[in-house]
Amino acid sequence: MIRSLALAPPERFSAPKASRQKRDAIMDIAERLALLAERARSSDLGAVAAAAAVERRKSLRAGLELIAGGGADTEGLDRVLSPWAGDSEPGAALELRVVRAGLRGLLACEHPYLLIRRLSAHLGQDYMDRAGAWIASRMKRRRYRPEPLVVPGELPDVLRSLSMDHRSLERALRSAGRDIVAAALAGCPQESMALAKPLYGKVGGTVLEDEAAWLRSRLSGDEMAQAQTAFLEIVRNLEERGELRLGEEDVPGTDPAFVAEFTRAILALDDRPLKAAFGASSGLLLATAMQGMEPRAHDRILGILPKKDERRILDAIDDVDPLPRGAILASGRELAGILLAAARKAGAATPEIERRLALLKDWKG
């Protein structure tokens, strides 16, 4: 795979140059395609047909009409878009590239957040930041509150056990695939989502939570139970092959030694790395990791952050139930690594800070 990428022509990875005005217009297309992907999840092809009827761009309208008609595939999309493929003008070439990628994502039922993130990558870092803001604005309209257990079963206990070794949990989640994981988590308490979500990264975790919440209102209890059974079967097969291990039952509360060491590290850090690390990390990660600190560390953190970050973290803390020790330690280790990188970047990583954060990052517990 890596060798094939290395041998690929550079033009495969370089985007055509286009004016800022043109890229803004193309980003508008990306946002409309993401919104359409969101509507299409509920109304199936009806939303695509409605969008095609009012679309003015000929290439996009042709692709939407093909998808709305049913039976479309990527080869068919390429044939429909071929009349515009010969345009060498950079802006037109870039627009066609984004339109083709967006239509393929729509055809594959790609999640709208992943779709806009991928389309924005064609336009540059500024537009990826804009896509992140777009995702955040959509998420603000959907506040997911902890819900009671929907489907009784052993999956929450298994996830809690796997979380004692993040490598085992990550292997199980990736082996199952996001579709099965989202359907299985739709029938689990919020604690289970809190354990799985950080392993998908900031955008991926957001997508997983959104997908599970969406499926919870659409799947029957039997369908969620089937997804949980499928996930548990994957876990058992991986365990039999020795590819993961189920830890002992986790215990509630925190590791007092870890809490004390983490608190000392937070109090010793300069404002700059703290602001950088806490401003860039997900609210869920911070809310989980902060369960492994003393109140004085909380006061130190919240006292230096801008109001928007302070509110974001406090909201996340309100949303997260008390977690078992393994989950808190795992999030604390991850945050320690982020803090160490931020301290080094800010030139604030003294030998003592290096020692403390490295100890936390590799804490065995």
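Label-to-label distance for R167 and R97 is 3.8 nm, based on points extended 7 Å past Cα in the beta-carbon direction.
Using a simple spin-label model with pseudo-atoms 7 Å out from Cα toward Cβ, K308 and D157 lie 4.5 nm apart. Phi-derived couplings, Karplus 6.51 cos²θ - 1.76 cosθ + 1.60 at θ = phi - 60°, listed residue by residue for segment 162-176: 5, 5, 5, 10, 4, 5, 5, 5, 5, 5, 5, 5, 6, 5, 6 Hz, with x used for Gly and Pro. In order along segment 92-97, the Karplus-derived 3J(HN,Hα) couplings, from 6.51 cos²θ - 1.76 cosθ + 1.60 at θ = phi - 60°, round to 5, 5, 5, 4, 5, 4 Hz, and Gly and Pro are given as x. In this simple spin-label approximation, A257 and E352 carry label points 7 Å from Cα along the Cα→Cβ vector, and these lie 2.1 nm apart. Using 0.36 nm per residue and subtracting the Cα-Cα separation, the extra length available between R57 and N237 on full extension is 59.8 nm. Look at H166, H111 and count the other Cβ atoms within 10 Å of each Cβ; fewest to most, that gives H166, H111.
A Förster radius of 35 Å, combined with the Cβ-Cβ distance separating R218 from D319, puts the computed FRET efficiency at roughly 0.95.
Subtracting the Cα-Cα distance of C109 and L45 from 0.36 nm times their residue separation leaves 22.0 nm of extension gain.
Across the alpha-carbon atoms of segment 207-365, the computed radius of gyration and Dmax are 18.4, 56 angstrom.
Judged by the ratio a/c of the largest to the smallest principal axis of the C-alpha gyration tensor, segment 15-140 counts as oblate, that ratio being 1.5 or greater while a/b is no larger than b/c.
Just so you know, all these numbers are worked out from the coordinates, no wet-lab data involved. This is a predicted model, so every value here is computed, not measured. With ideal geometry, Cβ positions are generated from the backbone for all residues, glycine too; neighbour counts draw on all protein chains shown.
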